[in-house]
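Taking it in order: structure first as structure tokens, then the write-up.
The values are calculated or read from the model by the stated rules, or taken from the named source; none is laboratory data. This one's a predicted model, so the numbers in the text were calculated from it and none came from an experiment. Cβ atoms come from the backbone with ideal geometry, glycine included; neighbour counts cover every protein chain shown. For the accessible areas, the whole protein counts, side chains as well, though only heavy atoms, and no ligand, DNA or RNA atoms are used. Shrake-Rupley method; radii C 1.70, N 1.55, O 1.52, S 1.80 Å.
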Amino acid sequence: MAALRAGLLGVGMMGRHHARVLRDLEGVELVAIADPGGDPHGVAGDLDVLPDIDALIGAGIDTAVVAVPTQFHEDAALKLAAAGVHTLVEKPIAHSLDAGRRMTDAFAAAGLVGAVGHIERFNPALQELRRRLEAGEAGAIYQIATRRQGPFPGRIADVGVGKDLASHDVDLTAWVAQSDYVDVFAHTTFKSGREYEDMIAITGRLASGVIVNHLVNWLSPMKERLTVVTGEKGAFVADTSTGDLTFYANGTIPLEWESVSSFRGVSEGDVTRYAFAKREPLRVEHEAFRDAVLGKPSDVVTMEQGLRTLEVVEAALESGRTGVATRL
């Protein structure tokens, strides 16, 4: 079977990694690259750097990856849908809900695969976590808390930390718990002199009753990427920066030391750090997109799911502006 002809729009900080993976992906051939800013990281190789999305489409591609700033997602995606090109758009899906809806509708109407690059779903720690939660290893889930903190990235200019980073946590939480958000409340702050927020704290609840909490900022001197799932049998801690997953079990041995046993709902039990295969999340994401285009079973992040994530983030940002909880 002939390889899928792939095009890449944008070869900046994220696009350069897409180029590397596409070149080594079975069943896919990277045939065209476009970026109006040229090739700052020298990833084009023997390919010409085309000037825009129209030139990329003119190269005769079957699939495309859109890795340009969020404000340009809609224009590129709508042109790709009109040209019959299956497309993976970097997260967030769009700069606004209306734009995201137009994109989602266009790909649905054309019968094309439209996907969003919420790469954390493909992190090995979270994939292993979801598998173990499905197997009931945590029992009933009570709470999911995430922390995604680090220094300010100068490359992000068109959105705040909510859409750029918190969208990861919103998507992965709903995916891991297999339940949608029903309400959110948030606080935001602006410390870097930009029009967009650089810190957000979100609390909320899923339809399943699970309580969620997300601490996200660009103001921390250390980088942190943690997801903690607490259930009736213990707590899973996934570190997505290293791909590690650890389980802290509730203890079953009665404590005899009175001073440490008082006021405890549970006791400390065994701690297990799991060993499992750790494949590069971006490669797994591309494999899922390729398989979806070929009509194979795939857990690709659909545009509908990407739009739902954007709805939750927008609701949180609105709550941050108004000080009122938002019902979804």
- GNM on the chain, C-alpha springs below 10 Å: top fluctuator among Ala19, Ala140, Ala99? Ala140
- Query: Residue by residue, what Karplus-based ³J(HN,Hα) values in Hz, rounded to whole numbers, does the range 79-84 have, using 6.51, -1.76 and 1.60 with θ = phi - 60° and x for Gly and Pro?
  - Reply: 5, 5, 5, 5, 8, x
- Message: For the chain, take the longest principal axis of its alpha carbons; what is the angle in degrees between that and the long axis of helix 281-293, to the nearest 10 within 0 to 90?
- Response: 60
- Query: Does anyone have the angle between helix 97-110 and the longest principal axis of the chain? Alpha-carbon axes, 0 to 90°, nearest 10?
  - Reply: 60
- Expressed as a whole-number percentage, the relative contact order of the range 81-236 with C-alpha contacts under 8 angstrom and at least six residues apart is 28
- Query: Between Glu280 and Met1, how many nm apart are label points set 7 Å from Cα along the C-beta direction?
  - Reply: 2.3
- Between Glu134 and Thr189, Cβ-based FRET efficiency (R0 35 Å, step 0.05) works out to 0.40
- Message: Taking just the alpha carbons, could you work out the radius of gyration and Dmax for the range 71-154, both in angstroms?
- Response: 17.1, 47
- Query: From the phi of every residue in the range 317-326, what ³J(HN,Hα) in whole Hz does the Karplus formula 6.51 cos²θ - 1.76 cosθ + 1.60 yield, where θ is phi - 60° and glycine or proline is x?
  - Reply: 5, 5, 4, x, 6, 9, x, 10, 5, 10
- Sorted by mean Cβ packing within 10 Å, highest first, what order do the peptides 208-216, 120-128 take? 120-128, 208-216
- Task: Would you work out the charge dipole size for the chain about its Cα centre, treating the Cβ of every Lys and Arg as +1 and the Cβ of every Asp and Glu as -1, and quote it to the nearest 20 debye?
- Result: 360
- Task: Heavy atoms only, probe 1.4 Å: what % of the accessible area of the range 78-234 goes to carbon and sulfur, would you let me know?
- Result: 51
- Message: Taking amide H atoms as placed 1.01 Å from N in the peptide plane, list the residues 5 or more away in sequence, or in a different chain, whose amide H sits under 5 Å from that of Arg205.
- Response: Val182, Asp183, Val212
- With all protein chains in place and a 1.4 Å probe, Lys296 shows an accessible area in Å² (nearest 10) of 110
- Query: Within a Cβ distance under 11 Å of Lys163, other residues only, what is the Lys/Arg minus Asp/Glu net charge?
  - Reply: -3
- What are the ³J(HN,Hα) values, in whole Hz, obtained from phi via the Karplus relation 6.51 cos²θ - 1.76 cosθ + 1.60 with θ = phi - 60°, for each residue of the range 10-23 in sequence order, with x given for Gly and Pro? x, 10, x, 4, 8, x, 4, 6, 4, 4, 4, 5, 4, 5
- Item | C-alpha long axis of helix 167-177 to longest principal axis of the chain, angle in ° | 60
- Counting residues in the range 286-325 as N, plug N into 2.2 N^0.38 Å and put the Cα Rg over that result. 1.74
- Per residue accessible area in Å² of the chain, where ligands, DNA and RNA are left out and the probe is 1.4 Å: 46
- Could you check which residue among Gly58, Gly114, Gly231 shows the biggest mean-square fluctuation in a GNM of the chain with a 10 Å Cα cutoff? Gly58
- Message: For the chain, set up a GNM with springs between Cα atoms under 10 Å and report which of Tyr196, Tyr274, Tyr142 has the largest fluctuation.
- Response: Tyr274
